[in-house]
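The values are calculated or read from the model by the stated rules, or taken from the named source; none is laboratory data. Just so it is clear, the structure is predicted and the values come from calculations on it, not from any experiment. Positions of Cβ are backbone-derived with ideal geometry, glycine not excepted, and every protein chain shown enters the neighbour counts. Calculation scope for accessible area: heavy atoms of the full protein, side chains included, ligands and nucleic acids excluded. Shrake-Rupley method; radii C 1.70, N 1.55, O 1.52, S 1.80 Å.
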Amino acid sequence: YPKSQVLFGFNHNYETIQRKNAVMLVEAEKSVMQGATFGVRNILACAGHQPSKAQIRLLQSLRVGTIIVGFDESIDEEEIEWNCRKIKSIFDTRVGFVYDKKNDVLAKGSKCSPTDLGHEAFKKLLREHLVWV
């Protein structure tokens with residue numbers, strides 16, 4: 001399927017995203033499914049670490065108050081922040097990203113996503129490693 005034209009999880013998670021007025025954008029489809037296993041149903045995947053124009057339009061259609069980017073550990077902070085600033089320039093919303101600078105949750109070189117280590121690790125990342133742009 002044309003991955004750059006969709007956000008994985010959009011239809012299944014739409015109601016929760018609207019109710020919470022927040023969405024987390026991740027790289028891989030597996031992260032959406034992992035989040036669902038522990039009850040987090042406001043995650044969408046863009047199948048890469050740079051959302052396409054079509055994916056940005058889908059995000060815009062959600063009209064949420066908060067967007068959090070949760071890319072894999074292997075993506076450097078500058079690239080994630082650049083993507084967040086790009087999103088922030090388009091949206092009138094709060095934008096932040098998960099970045100474990102000290103690697104106390106996501107081990108250096110692990111390439112883990114914020115959902116890979118389970119619900120407790122996911123909550124810790126959001127609580128202690130969320131950077132607002």
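Quick check: is even one residue across the stretch 62-81 farther than 23 Å from GLU128 by Cβ and of a type in the set (Gly, Ala, Ser)?
no
Only one of these conditions is not met by GLN50: (1) surrounded by 19 or more Cβ atoms within 10 Å (Cβ to Cβ); (2) among the polar types (S, T, N, Q); (3) within 16 Å of VAL95 (Cα to Cα). Which number is it?
(1)
Does GLY35 satisfy the condition of being of a type outside the set (Asp, Glu) and assigned to a loop (DSSP other than H, G, I, E, B)?
no
Just name the residue that is nearest to MET33 (Cα to Cα) out of those in the stretch 79-102 that are part of a loop (DSSP other than H, G, I, E, B) and open to solvent by 50 Å² or more (accessible area, probe 1.4 Å).
The extreme case among them is TYR99.
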